[in-house]
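Structure first, then comments.
The values are calculated or read from the model by the stated rules, or taken from the named source; none is laboratory data. Note that the structure is a prediction, hence the values are computed from the model and not measured. Because the Cβ atoms are built from the backbone with ideal geometry, glycine has one as well, and the counts that use them run over all protein chains shown.
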Amino acid sequence: MPVTCTKTSLPGVVVIETPVFQDDRGFFLESYHEAKFQEFGLPARFVQDNHSHSGANILRGLHYQLKKPQGKLIRVVFGSILDVAVDIRTDSPHFGHWVGVQLDADGKRQLYVPPGFAHGFYVLSESADVLYKCSDFYDSQDDRGIHWADPNIGIEWPAKNPILSGKDSSLPTLAQAREKGLLPAI
């Protein structure tokens, strides 16, 4: 069984499925294999791994970095999420478009979100553990975000009133971030 890479409606955002070898002891899979992933044009170098644990109805995002943009390879090791990417590159023909993919521990699929996209997720299960590899280091001074409920983006989140951090609830809309020059170009 080869690694498969399925394109989404946004160029560069792809769903990755790796072979899972299962028996009565459990399972084994390669969550990352540089040579195999490079065949699909995915980055060979990731410099930071993150682990997020969240409860039900929590929404994290939509986050990005402007000067040090991060590509992210996301997978869920416990629970289930709706993972969302928004194209925020001002020169992109897909500017302001979004895609959502359900990721869960049982399906073992991964999502790659390239630099130039805002990223967020909503927890569908009682709780979820999300792991993601980043192509650049996190820099708190470069931390940016877009409001999760921006009506001009129109993301179809599973809940109208998710649990948010104070920071996430006060993020600007895409139009406001664009007016302030806080968005990347291609």
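Assess whether ASP139 counts as being surrounded by fewer than 22 Cβ atoms within 10 Å (Cβ to Cβ), touching a His at 6+ places or on another chain (Cβ under 8 Å) and either over 24 Å from ILE186 (Cβ atoms) or not polar (S, T, N, Q) (or both). Spelling it out, it is not the case that ASP139 is surrounded by fewer than 22 Cβ atoms within 10 Å (Cβ to Cβ), touching a His at 6+ places or on another chain (Cβ under 8 Å) and either over 24 Å from ILE186 (Cβ atoms) or not polar (S, T, N, Q) (or both).
Each residue in the range 156-186 was checked for being under 13 Å from ILE88 (Cβ atoms) and in contact (Cβ under 8 Å) with a residue 60 or more places away in the chain, and 9 of them qualify. Taking the conditions (1) at pLDDT below 95; (2) more than 18 Å from ASP129 (Cβ to Cβ); (3) of a type in the set (Phe, Trp, Tyr) in turn, TYR64 satisfies each one other than (1).
Scanning the range 27-46 for residues being within 17 Å of ARG75 (Cβ to Cβ) and not aromatic (Phe, Trp, Tyr) gives a total of 8.
Here is a yes/no grid of residues against (1) over 21 Å from THR8 (Cα atoms); (2) at pLDDT below 95; (3) not polar (S, T, N, Q):
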residue	(1), (2), (3)
VAL130	no, no, yes
TYR138	yes, no, yes
TRP148	no, no, yes
SER165	yes, no, no
THR173	yes, no, no
ARG178	yes, no, yes
GLY181	yes, no, yes
ALA185	no, yes, yes
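Rundown of residues vs (1) in contact with an Asp or Glu (Cβ under 9 Å, 6 or more places away or on another chain); (2) surrounded by 19 or more Cβ atoms within 10 Å (Cβ to Cβ), yes/no style:
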position	(1), (2)
PRO115	yes, no
TYR122	yes, yes
ASP129	no, no
SER135	no, yes
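Evaluate the range 20-35: report whether one residue or more is surrounded by 11 or more Cβ atoms within 10 Å (Cβ to Cβ), at pLDDT below 95 and part of a helix (DSSP H, G or I). Looking for residues that are surrounded by 11 or more Cβ atoms within 10 Å (Cβ to Cβ), at pLDDT below 95 and part of a helix (DSSP H, G or I), one finds at least one in the range 20-35, hence yes.
Pairing residues of the range 61-72 that are on the phi > 0 side of the Ramachandran plot and surrounded by fewer than 24 Cβ atoms within 10 Å (Cβ to Cβ) with residues that are not in a loop (DSSP other than H, G, I, E, B) and not aliphatic (A, V, I, L, M), at Cβ distances under 9 Å and at least 6 apart in sequence or on separate chains, gives GLY61/HIS119; GLY61/GLY120; GLY61/PHE121; GLY61/TYR122; GLY61/GLY145; GLY61/ASP168.
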